[in-house]
Amino acid sequence: MAVKNKVLILGVGNSILSDEGLGVHLVKRLQGEVFPDNVEIMDGGTLGLELLAYLDNVAKLIIIDCVKGGAEPGSIFRFEPDKVNVIPNEHKISFHDLGIFDFIQLAALRESLPPTIIFGMEPKEIDWGEELSTPVAAEMGKLKALVTDEIEMSLKQLGIE
């Protein structure tokens, strides 16, 4: 069995539906940064179960997605997959939550889901367009800093500095 020593940052969403694509927008920003070789930054787009193939050797998974939780647009959420049910049922986790939700559940059933953190942001606009809304765009720097901190903490936990 291979040693799991990779941190996978997975940005998901539909980049032609404005704020729905914020996960994809953020990973594009992160791809311009320098990280150790064990950090993989991936644009998962709207893929769902297809993402299971990328979990080999992953010791920590960080998902970035649009999260509709009923908060002010631009609000940032950080949670683990088992905490998803704390969001009221009338609010969707994501606009493509069946794919990501199924991905997380199937990976857990297959015992291939590594420790996972989900970062999300409340959208303002979900409509045709490739630009983020003003409140979401204004918080992308903060979200990037939180994800970068999570990456650094994960590397320390894995003994990789």
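The values are calculated or read from the model by the stated rules, or taken from the named source; none is laboratory data. Note that this is a predicted model, so its numbers are computed, not measured. Heads up, the Cβs are rebuilt from the backbone with ideal geometry, glycines too, and the neighbour counts pull from every protein chain shown.
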query: Which of the residues belonging to region 47-62 are more than 27 Å from Lys156 (Cβ to Cβ), buried (at least 18 other Cβ atoms within 10 Å of the Cβ) and either more than 14 Å from the chain's Cα centre (by Cα) or among the β-branched types (Val, Ile, Thr) (or both)?
result: none
task: Taking the options Asn57, Asn38, name whichever one is in contact with a Lys or Arg (Cβ under 6 Å, 6 or more places away or on another chain), more than 14 Å from Leu113 (Cα to Cα) and not basic (Lys, Arg).
output: Asn38
- line: Checked region 59-74 for anything touching an Asp or Glu at 6+ places or on another chain (Cβ under 7 Å) and under 23 Å from Ile41 (Cα atoms); matches are Ile62, Cys66, Val67, Gly74
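Being part of a strand (DSSP E or B) and among the hydrophobic types (A, V, I, L, M, F, W, C) is the filter here; which residues of region 1-39 pass it? Spell out how you get there, then give the answer.
So in region 1-39, the residues part of a strand (DSSP E or B) come out as 6-12, 17, 39.
Listed by number, the residues that qualify are Val7, Leu8, Ile9, Leu10, Val12, Leu17, Val39.
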- prompt: Within region 63-70, is even one residue modelled with pLDDT under 95, of a type in the set (Gly, Ala, Ser), within 22 Å of Thr134 (Cα to Cα) and exposed (fewer than 14 other Cβ atoms within 10 Å of the Cβ)?
  reply: yes
- prompt: Can you tell me which of Gly32, Gly44 is free of Cβ contacts under 8 Å to residues at least 40 places away in the same chain, farther than 17 Å from Ile100 by Cα and of a type outside the set (S, T, N, Q)?
  reply: Gly32
task: Can you tell me which residue within region 134-161, out of those that are farther than 12 Å from Arg78 by Cβ and among the basic types (Lys, Arg), is farthest from the chain's Cα centre (by Cα)?
output: Lys156
